[in-house]
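Novice: Structure in structure tokens, see below.
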Amino acid sequence: MHPDLSPSLPVIPEVCAELWTSAVRVLDANWAGDHTVPSRTLHPHQRSWDTAFTAIGLAYVNQPRAWRDLGSLFAAQWPDGRVPHIAFDPDTPEDAHFPGPRFWNVPAYAGRPALSSTGLVQPPLHALAAWEVYRHAAAHGADAVQQARTELDRLYPRLVAQQEYLGDRRDAGGGGLASIVHPWESGLDDSPAWDEALAAVPANPGPPARAVSGATHPPADTDHARYAGLVLDYQDGGYSDTGLAERHAFVVECPGFNAVTATAELALAQIAGVLGHPSEARRHRERARDVTAAIGRRLWNPETRTFHARDVRTGRLSPAHCVSGLLPLMLPDLEPDRVDGILAELRSERFGLPAPSHDRTAREVDGRRYWRGPVWIDVNWLLRRGLLVHGRRDDAEELRRRLVRLAHRNGHFEYFHPEEGGGLGTSAFSRTAALCLDLLADRSAPAYARAA
Ligand code: GLC
């Protein structure tokens, strides 16, 4: 194994200081006036869950910017509650990113001009981000605490509407989980978790199957044609979610997406508590338990003893072992037997710490291709939270050290080779930089964590 990924070296103070400084530099360089872009080159528009990850880091160094970033994203929220996966920057040319605003062809809504966003969503990490920014406000003084309360007050109804959209309109399978209607909604775009469901999607010959500009390891052309075709199909139906399971070709329940959705309810419970809404807080906790139970019922495979994505149209679980299957570890009410299953999978030769995006032993694993093998710091940050939630502090600390070392040796890359450790994708990635700040600064466990 490459030294970047090897165990138990302490992280020395010089490393921490250098990593902190470089992370702040990346976040400053990617600030676009009222939001942060994930990357100036590869991802030049504001992204939904990137904004949440970024706010978690900005919480330490620039609280007003963290709130502004979240506020800009929620200004693009649709009247039905969905938060678009991209909010387009009107000054960025159409061809700077494919597919650009004209391809999505979203009508004007809620005071926003036409073509200002996409109609897809991403994992709803924003309530957790808002809570984390609030939690760190006290370190910035009384004004920051005051601002944090005002911002929570403003965001809370929007965050609730986001959850209601997912819990209601997106419960296409009727079993209490949100479905994604496109692999891009998962945040783990090209994951093998979608291979089976995607194989049944017609490859649309119409739209230009062009790789995301600048991508170093783009998806196969047929996958790209399917991605584009799915967008056009959803668009043809006016981005409506009625009858999805019957008329849309890709309807999938992802364990990672739904684990984030349940975590959002737990964060909303904490936010509602601060805002003085105790009955709302109870409702959010109940909802977190309901989603956790539904994940356990619908996405657990007793033979593999881990979680898999479910194709709502066929009822089949994906055979792939992907990092998204480990993310329900974030949920405090997950049954102990399921927690044990995830921990065994995580410690097995398939994964290890840090966890790669895909099973290391799988035939189709590829350490360089998007979500088909590389290590992402952000999903490992979510996993580390899961380890803390279930009292696995030693593993959480080990993972923290390895992630810090990976970023320090290589830079704030988008993802990393799982064996060689080298950086891949874009090199000044906001999500990586922001989470490095959190990994350096905070070792506390969530308030609802279970004892070891
Ligand atoms: C890729 C990732 C997605 C992310 C986006 C911008 O599409 O798969 O998770 O939001 O890049 O960083």
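The values are calculated or read from the model by the stated rules, or taken from the named source; none is laboratory data. If you're wondering where the values come from, they're calculated on a predicted model, not measured in any experiment. Glycine also receives a Cβ, built like all others from the backbone with ideal geometry; neighbour counts cover every protein chain displayed.
Novice: Please go through segment 53-76 and pick out each residue that is touching a residue at least 60 places away in the same chain (Cβ under 8 Å), within 15 Å of the ligand (Cβ to nearest atom) and among the small types (G, A, S).
Specialist: Matches in segment 53-76: A55, G57.
Novice: Go through segment 105-122 residue by residue and tally those that are touching a residue at least 24 places away in the same chain (Cβ under 8 Å) and either on the phi > 0 side of the Ramachandran plot or not β-branched (V, I, T) (or both). Lay out the reasoning, then the answer.
Specialist: So the first thing to find is which residues in segment 105-122 are touching a residue at least 24 places away in the same chain (Cβ under 8 Å), and the list is 105-106, 109-110, 112, 115-122.
In the following step, the residues that additionally are either on the phi > 0 side of the Ramachandran plot or not β-branched (V, I, T) (or both) were identified as 105, 109-110, 112, 115-117, 119-120, 122.
So the answer is 10.
Novice: In segment 105-132, which residues are surrounded by 22 or more Cβ atoms within 10 Å (Cβ to Cβ) and among the aromatic types (F, W, Y)?
Specialist: W131
Novice: Pull up segment 315-332, narrow it to residues that are in a loop (DSSP other than H, G, I, E, B) and either touching a residue at least 60 places away in the same chain (Cβ under 8 Å) or touching a Phe, Trp or Tyr at 6+ places or on another chain (Cβ under 9 Å) (or both), then point me to the one that is farthest from L388 (Cα to Cα).
Specialist: Here the answer is R316.
Novice: For segment 399-406, does any single residue satisfy the condition of being farther than 24 Å from A55 by Cβ and within 20 Å of the chain's Cα centre (by Cα)?
Specialist: Within segment 399-406, none of the residues are farther than 24 Å from A55 by Cβ and within 20 Å of the chain's Cα centre (by Cα).
Novice: Also: Are any residues in segment 40-52 among the polar types (S, T, N, Q), within 11 Å of the ligand (Cβ to nearest atom) and either more than 16 Å from W184 (Cβ to Cβ) or part of a helix (DSSP H, G or I) (or both), and if so, which ones?
Specialist: At the first step, the residues of segment 40-52 found to be among the polar types (S, T, N, Q) are 41, 46, 48, 51.
From the residues that got through so far, the ones that are within 11 Å of the ligand (Cβ to nearest atom) too are 46, 48, 51.
Selection gives S48, T51.
Novice: Picking from G276, G256, which residue would you name as being part of a loop (DSSP other than H, G, I, E, B), more than 22 Å from W78 (Cβ to Cβ) and not aliphatic (A, V, I, L, M)?
Specialist: None of the other options fit; the residue is G276.
Novice: Look at Q77 and say whether it is under 21 Å from V231 (Cβ atoms), buried (at least 20 other Cβ atoms within 10 Å of the Cβ) and touching an Asp or Glu at 6+ places or on another chain (Cβ under 8 Å). So that I can check it myself, show each step before the final result.
Specialist: Values: under 21 Å from V231 (Cβ atoms): yes; buried (at least 20 other Cβ atoms within 10 Å of the Cβ): yes; touching an Asp or Glu at 6+ places or on another chain (Cβ under 8 Å): no.
No, not satisfied.
Novice: R47 passes all but one of (1) of a type outside the set (S, T, N, Q); (2) free of Cβ contacts under 8 Å to residues at least 24 places away in the same chain; (3) more than 26 Å from T242 (Cβ to Cβ); which number fails?
Specialist: (2)
Novice: Still on this structure: Please verify whether L128 is in contact (Cβ under 8 Å) with a residue 40 or more places away in the chain and either within 21 Å of V274 (Cβ to Cβ) or away from the ligand (no atom under 16 Å from the Cβ) (or both), treating the condition exactly as stated. Walk me through it before giving the result.
Specialist: Details: in contact (Cβ under 8 Å) with a residue 40 or more places away in the chain: yes; either within 21 Å of V274 (Cβ to Cβ) or away from the ligand (no atom under 16 Å from the Cβ) (or both): yes.
Criteria met by L128.
Novice: Inspect all residues belonging to segment 285-297 and state whether any of them is in a strand (DSSP E or B) and either crowded, with 24+ Cβ neighbours inside 10 Å or modelled with pLDDT of 95 or more (or both).
Specialist: No, the conditions are met nowhere in segment 285-297.
Novice: Can you find even one residue in segment 202-223 that is within 16 Å of the ligand (Cβ to nearest atom) and modelled with pLDDT of 95 or more?
Specialist: No, the conditions are met nowhere in segment 202-223.
Novice: Is it the case that T432 is of a type in the set (V, I, T) and assigned to a loop (DSSP other than H, G, I, E, B)?
Specialist: no
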